[in-house]
Amino acid sequence: KMAIDIFNIKPNVVTRDLSGKSFLIYGERKSGKTTNACKFPKPILLGFEKGYGFLDGIIAQPINSWKEALEVKKQLLKDAESAEKENRETIFKTVIVDTADIAYDCCEKYIVDKEGVDYLDETEKMRGYRALSREYDKFFQEIVKAGYTLVCISHATTKQIKENGEKYDKTIPTLPDRGFLVVSRLVDVCAYASYETDEQGNVHSMLTLRGNKHLEAGSRSPYMSDVIPFTYEALRDDMARAIDMQKEHGATVVNEEVNLFKDNEDKSEKVSFEDLVAEIGKHAKAMYAAEKTNDYKKIVAEYLGKGKNVKDCDESQTDMLLLILDDLKDYCAENDIAL
């Protein structure tokens, strides 16, 4: 039986609910990016940047490495899977990545360690860059496909653009080009946060949703406003208004969810490299005995690449080995394989 059946696909509908939608919000410092992101429904903030000290009550997980980011993603996906089986809501509904820039840096270090090089330029035919883009993309795609609302935060910078013999400045996110290419293809809204002073001299935070050649911004919806006050409520209401306009133009719109697809100290488990390798070896031996050799090799290849072995790793690849061990533990528990 085929896994895909194109003759029984349900037509896509537009939902007024924000679940499963994704946003990139970038802009000036102190313009309310993180504060407003934390007003999204049931948020968890992944603090690659520790800028949430004054946000009372926010549930924030400091992230110091890509390994930690993958551990969080794994828990989010497990909860989404359990919630679907148990017919309940997920514990969190919104995942905030603050900042996507530092997340990209952590992902790059992860790939550098995985490839066993000092710089991505040293990888054969620059394959390290392709691996980086794939890994970074997979992280965000899986979160969105699990039904979470995703909010990526970045800062702003100005870049000189040369086009058709013309030079001009353009305001863009500080996210590196390869990382921005991944995120921009994914998000439904790319918005720029800034300040505006009214005639009385009062300063207001504004959110630009539609860009031009001098400013990066845009939305998948042709009906969203050009500029709105920067509050979660204003963004939510403007998207709802835009979706209602789509409905007036013939789109099928529903109100419910539609799933389209403590401190800053590092508290990760401390384990010696030798003990880690030995523990993986125990699980490998148990899986071999259970005739699950191919599954063991698949788990190792997921993190180290095809043809690479745990015995070839050094301490710089400890994060990958911890992730491998975590998956091996899960596999053995789920398949009743005793050590």
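Looking at the stretch 295-305 only, could you name the residues that are touching a helix residue (DSSP H, G or I) at 6+ places or on another chain (Cβ under 9 Å) and within 20 Å of Gly128 (Cβ to Cβ)? Spell out how you get there, then give the answer.
Just the residues of the stretch 295-305 that are touching a helix residue (DSSP H, G or I) at 6+ places or on another chain (Cβ under 9 Å), to begin with: 295-296, 299-300, 302-305.
Scanning the stretch 295-305 gives Val300, Glu302, Tyr303, Leu304, Gly305.
For Asp98, the conditions (1) touching a Leu at 6+ places or on another chain (Cβ under 8 Å); (2) surrounded by fewer than 17 Cβ atoms within 10 Å (Cβ to Cβ); (3) under 18 Å from Ser154 (Cβ atoms) are fulfilled apart from (2). Name every residue in the stretch 206-224 that is surrounded by 17 or more Cβ atoms within 10 Å (Cβ to Cβ), over 19 Å from Lys159 (Cα atoms) and of a type in the set (Ser, Thr, Tyr), in order of residue number. Scanning the stretch 206-224 gives Ser219, Ser221.
Restricting attention to the stretch 147-168, which residues are closer than 24 Å to Lys74 by Cβ and open to solvent by 30 Å² or more (accessible area, probe 1.4 Å)? Listed by number, the list is empty, since nothing qualifies. Each residue in the stretch 90-130 was checked for being assigned to a loop (DSSP other than H, G, I, E, B) and more than 22 Å from Ala301 (Cα to Cα), and 5 of them qualify.
Looking at this structure, is Ala69 at pLDDT 85 or above, crowded, with 19+ Cβ neighbours inside 10 Å and of a type in the set (A, V, I, L, M, F, W, C)?
When the stated conditions are applied, Ala69 passes them.
Filtering the stretch 200-226 down to residues that are of a type in the set (A, V, I, L, M) and in contact with a strand residue (DSSP E or B) (Cβ under 6 Å, 6 or more places away or on another chain), which residue is farthest from Met245 (Cα to Cα)? Of everything passing the filter in the stretch 200-226, Val203 is farthest from Met245 (Cα to Cα).
Inspect all residues belonging to the stretch 160-169 and state whether any of them is under 23 Å from Ala103 (Cβ atoms), modelled with pLDDT under 95 and not in a loop (DSSP other than H, G, I, E, B).
Quick first cut of the stretch 160-169, residues under 23 Å from Ala103 (Cβ atoms) only: none.
No, because not a single residue in the stretch 160-169 is under 23 Å from Ala103 (Cβ atoms), modelled with pLDDT under 95 and not in a loop (DSSP other than H, G, I, E, B).
Picking from residues in the stretch 175-199 that are surrounded by 15 or more Cβ atoms within 10 Å (Cβ to Cβ) and of a type in the set (Val, Ile, Thr), the one that is farthest from Lys30 (Cα to Cα) is Val182. Within the stretch 294-305, does at least one residue satisfy the condition of being open to solvent by 40 Å² or more (accessible area, probe 1.4 Å), in contact with a Lys or Arg (Cβ under 8 Å, 6 or more places away or on another chain) and not aliphatic (A, V, I, L, M)? No, the stretch 294-305 contains no residue that is open to solvent by 40 Å² or more (accessible area, probe 1.4 Å), in contact with a Lys or Arg (Cβ under 8 Å, 6 or more places away or on another chain) and not aliphatic (A, V, I, L, M).
The values are calculated or read from the model by the stated rules, or taken from the named source; none is laboratory data. None of the values given here were measured: they were computed from a predicted structure. Don't worry about glycine lacking a Cβ; one is built from the backbone with ideal geometry, like all the others, and counts go over all protein chains shown. For the accessible areas, the whole protein counts, side chains as well, though only heavy atoms, and no ligand, DNA or RNA atoms are used. Shrake-Rupley method; radii C 1.70, N 1.55, O 1.52, S 1.80 Å.
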